[in-house]
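Quick note: the coordinates plus some simple rules give every number you see, no bench work behind them. Note that this is a predicted model, so its numbers are computed, not measured. Backbone-built Cβ (ideal geometry, glycine too); neighbour counts: all protein chains shown.
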Amino acid sequence: MNYISTRGAGIGERHTFSDILLGGLAKDGGLYLPNEYPKVSADELARWRALPYADLAFEILRKFSDDIPDEDLRELTRRTYTAQVYCNVRDEENAAQITPLKTLGVEGGAPLSLLELSNGPTLAFKDMAMQLLGNLFEYTLAKHGQTLNILGATSGDTGSAAEYAMRGKKGIRVFMLSPHKKMSAFQTAQMYSLQDPNIFNIAIEGVFDDCQDIVKAVSNDHAFKAQQKIGTVNSINWARVVAQVVYYFKGYFAATKSNDERVSFTVPSGNFGNVCAGHIARMMGLPVEKLVVATNENDVLDEFFRTGIYRVRKSSETYHTSSPSMDISKASNFERFVFDLLGRDPKRVLQLFRDVEEKGGFDLQASGDFARVQEFGFVSGRSSHDDRVDTIRDVFEQYDTMIDTHTADGVKVAREHLQAGIPMIVLETAQPIKFGETIREALEREPERPAAFSGIEDLPQRFEVLGNDAERVKEFVAERTR
């Protein structure tokens with residue numbers, strides 16, 4: 001397996017999974033992808049159907065990481081995906097499944113289900129990849145006698161998932177940027193209450209995209225990045241994306257009885273990382289009918305999949321919503337899909353994303369490339385605050401199931417794309433306690449709270465507020481890594 005950049009740098013060079021694991025952007029500013037996607041045979045698909053989650057993860061990951069010995073990789077996946085780690089299940093009978101499939105009912109002739117991805121230590125789907133990433137980082141660093149300073153940005157869930165995965169890990173520090181006063185109280189408390197000496201929370205005076213732009217600016221300062229040993233855990237990290245591929249296979253197996261069947265997935269999406277994993281699963285051969293992209297009021301991706309126009313928003317045009325983890329106007333993983341959409345032409349990708357920086361976007365409808373989107377099975381929709389409230393209330397009343405705001409965006413949009421006879425799986429993103437204000441508005445009751453998180457909002461918090469300035473962030477990092 002060799003990895004290449006979406007923008008063409010390093011063609012002819014060898015880049016292994018371990019080579020790109022600790023970094024983020026390629027040296028030309030592009031994103032890494034395999035030079036070709038590994039294919040899953042019918043025999044493999046049949047054999048994988050009965051595997052427990054950890055062993056399924058091993059089988060899928062080994063196709064992308066042939067430089068890690070099988071025995072080491074198997075130990076890593078079995079240590080990561082245990083019922084002890086994913087212990088925040090709502091139904092104890094399903095604890096061993098890691099990602100239980102909860103069928104809500106049949107609507108429009110289609111089974112409608114939730115794939116529970118938020119049973120990990122921070123109650124968000126980000127744990128599914130981040131817990132593995134923490135173990136991979138520690139394994140790789142120890143093997144080479146190295147250290148790593150992780151610089152990341154979060155709109156809510158990525159930060160806490162990264163910090164809980166990396167806390168106490170040898171040779172690792174975490175510097176996490178988040179938009180000041182723009183996360184839910186629970187999300188803020190999860191991150192800022194951590195007192196581990198290798199965790200640093202930085203609240204940026206701006207929106208999430210400002211945080212993300214700072215991370216990219218630091219990553220593009222190659223001298224600083226090398227000197228400070230900067231790595232990333234944001235969704236551009238390839239290992240995170242490929243780890244998320246696993247639960248698409250697991251969800252498919254849970255929703256079907258035969259590998260002749262097809263399913264559709266709806267994915268609440270802002271940065272395009274989660275649904276990009278679904279695209280990769282489909283390219284590997286998973287029988288996926290549709291990949292439904294669900295956005296909130298920040299509908300950059302919905303606009304693209306409806307019109308072919310990708311138009312990023314300015315910070316002043318980004319809405320602060322009740323599904324804040326999707327308050328994103330520049331989808332950092334989108335470039336990977338565009339690379340495949342354009343037949344893996346790095347020159348065209350480079351020009352398009354230059355247009356994003358210089359002109360604010362691009363139009364694939366005018367060039368005729370947009371017509372290929374249907375070949376990849378993508379459709380989309382958007383949701384508003386009123387839609388979220390109505391959907392949370394309806395799902396609770398109909399199915400006695402409480403869902404969070406982002407999952408509500410997914411259910412609302414999924415219902416617009418149901419096909420009779422094709423199971424629709426909505427990827428759950430978080431547990432409702434993370435967004436209590438909207439749950440109370442919708443249901444006039446407190447959200448369910450796992451016992452381990454009782455009183456978390458009252459704990460002392462440790463964080464530093466900085467302006468929207470990449471140089472100041474670099475100074476902060478350098479001062480704490482001397």
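Here are a few things to note about the model shown:
- Taking the chain and dividing mean pair separation by its residue count, relative contact order in percent (alpha carbons under 8 Å, at least six apart): 19 percent
- With the simple model of a label 7 Å out from the Cα in the direction of the Cβ, residue 196 to residue 437 spans 2.8 nm.
- Gyration tensor verdict on segment 63-122 (Cα atoms; rounded if a/c is under 1.5, prolate if a/b is larger than b/c, oblate otherwise): oblate
- Whether segment 139-241 is rounded, prolate or oblate, judged on the alpha carbon gyration tensor where a/c under 1.5 counts as rounded: oblate
- For segment 369-415, the C-alpha radius of gyration divided by 2.2 N^0.38 Å, with N the number of residues, is 1.44.
- Kirkwood-type radius of the chain, with distances r between different C-alpha atoms, in Å: 22.3 Å
- Neighbours of residue 73 by Cβ distance under 15 Å: Lys/Arg scored +1, Asp/Glu scored -1, total -3.
- For the pair residue 397 and residue 316, the difference between a 0.36 nm per residue extended length and the Cα-Cα distance amounts to 25.5 nm.
- Ascending count of other beta-carbon atoms within 10 Å, so fewest first, for 463, 208: 463, 208
- Cα gyration tensor shape of segment 81-153, rounded if a/c is under 1.5, else prolate or oblate by comparing a/b with b/c: prolate
- Of the beta bridges in segment 77-211, as assigned by DSSP with both residues counted there, near 35 percent are antiparallel.
- Of the GluC sites (Glu not before Pro) in segment 1-52, the ones in a loop by DSSP (not H, G, I, E or B) with at most 16 other beta carbons within 10 Å are 13, 36.
- Estimated FRET transfer efficiency when R0 is 25 angstrom, pair residue 306-residue 107 (beta carbons, to 0.05): 0.65
- At least 24 Å along the helix axis (C-alpha) and Kyte average at least 0.0, DSSP helices within the chain: 127-144, 238-255
- Rounded Å value of the spacing that divides the Cα centres of segment 149-186 and segment 55-112: 23 Å
- Neighbour counts of C-beta atoms inside 10 Å place 128, 284 in the sequence 284, 128, starting with the fewest.
- Pairwise label distance in nanometres, residue 444 with residue 220, each label 7 Å out on the Cα-Cβ vector: 5.2 nm
- Cβ-based net charge around residue 233, under 11 Å, with every Lys or Arg adding one and every Asp or Glu removing one: +1
- Exposure proxy order (Cβ contacts within 10 Å, fewest to most) of 320, 279: 320, 279
- Simple spin-label estimate for residue 46 and residue 92 in nanometres, 7 Å along Cα-Cβ: 3.9 nm
- Value of [θ]222 nm, deg cm²/dmol, for the chain, DSSP H segments ≥ 4, -39500 (n - 2.57) each, nearest 500: -12000 deg cm²/dmol
- Over segment 283-415, equivalent-ellipsoid semi-axes from the Cα gyration tensor in Å: 29, 19, 11
- Among beta bridges that DSSP assigns inside the chain, antiparallel share in %, nearest 5: 30 percent
- Taking Cα centre as origin and charging only the Cβ of basic (Lys, Arg, +1) and acidic (Asp, Glu, -1) residues, the dipole magnitude of segment 120-246 rounds to 360 debye.
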